[in-house]
């Protein structure tokens, strides 16, 4: 029996999808976390063409590939949010290792390309590990090109006390800046102040695409994401104004922590605030006996990369953001067979 595609059967498929995603994602997922993410999402998409004739709005499509035994051996997810770059669809495609080079990836990509074309999209976007040459080659043959390069960095907190103490030595807090957590000043007023800080700083991240989500969507997808806790949202304030933030997530499976975001208001940059927030995050992670701290940064974001090196973060493999004109993907799919 050849590999076939079908729509998702939920909640039964969450386990199989999580197993596949955990072969490529840097932080493990679970059926529970996938289900919780789904519960935040719209049930029916709504798209339109904007004033420039480019796809706007939101929608998504998902398919699994299954074998003769009904086992899920491939998964593809294509989506756009209201704040996604006009015309673009974001994509995740993964195939079980034992089923690669057997046409499964092509089958999944063909389905998504056809669906995106019917919606009126003009470009597809995805990420691929920079050391996964097979995946890079697969994408390249279908018209994808590398647009950005980002790096992972890891700070090991287990058995590394002497190095950590040396990295943190000499740090003194600025008397002009107040440090607190969202748990210290909870509520929508504080969340709105954080939102304004994100709106200002997100768009300055090298390679940032699209718009900043409106407040309620930002809270769901940028603040209260899997692993969130208000006591791990570290804030720098000047009086009542929030001028810096780092949101640190905790993964219960690995006992690791992840810097989901660090940002500083433009007129406060160059004063060591990001460095102070990073140190606060390290101190918090050490106090909570976390195993590691991990972060991802664009290769051109030298200020943050410099801070990470100073604190002892070690570089890991990176990822490429790859993009393709949808017309090129559709043209190349019929001519490929792997």
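Bear in mind these aren't lab numbers, they're just calculated from the coordinates by the rules spelled out. Since this is a predicted model, take the numbers as computed values, not measurements. Virtual Cβ from ideal backbone geometry, glycine too; neighbours counted across all protein chains shown.
Output the residues belonging to region 1-18 that are over 16 Å from residue 59 (Cβ atoms) and outside any helix (DSSP H, G or I).
The answer is 1, 2, 3, 4, 5, 6, 9, 10, 11, 12, 13.
Identify the residue in region 238-274 that is part of a helix (DSSP H, G or I) and buried (at least 19 other Cβ atoms within 10 Å of the Cβ) and, among all such residues, is farthest from the chain's Cα centre (by Cα).
In this case the residue turns out to be 273.
Go through region 90-116 and give me each residue that's within 13 Å of residue 59 (Cβ to Cβ) and touching a residue at least 60 places away in the same chain (Cβ under 8 Å).
If the condition is that a residue be within 13 Å of residue 59 (Cβ to Cβ) and touching a residue at least 60 places away in the same chain (Cβ under 8 Å), then 116 is the only one that fits.
Quick check: is even one residue across region 60-81 buried (at least 20 other Cβ atoms within 10 Å of the Cβ) and farther than 26 Å from residue 334 by Cα?
Scanning region 60-81 turns up no residue that is buried (at least 20 other Cβ atoms within 10 Å of the Cβ) and farther than 26 Å from residue 334 by Cα.
If you go through region 19-49, how many residues are loosely packed, with under 15 Cβ neighbours inside 10 Å, assigned to a helix (DSSP H, G or I) and touching a helix residue (DSSP H, G or I) at 6+ places or on another chain (Cβ under 7 Å)?
Residues meeting the conditions: 1.
Pull up region 127-161, narrow it to residues that are within 16 Å of the chain's Cα centre (by Cα) and surrounded by 20 or more Cβ atoms within 10 Å (Cβ to Cβ), then point me to the one that is nearest to residue 279 (Cα to Cα).
Per the criteria, the residue is 153.
Among the residues that make up region 275-294, is at least one of them out of contact with any strand residue (DSSP E or B) (no Cβ under 6 Å at 6 or more places or on another chain), in a loop (DSSP other than H, G, I, E, B) and over 23 Å from residue 191 (Cα atoms)?
Yes, region 275-294 contains at least one residue that is out of contact with any strand residue (DSSP E or B) (no Cβ under 6 Å at 6 or more places or on another chain), in a loop (DSSP other than H, G, I, E, B) and over 23 Å from residue 191 (Cα atoms).
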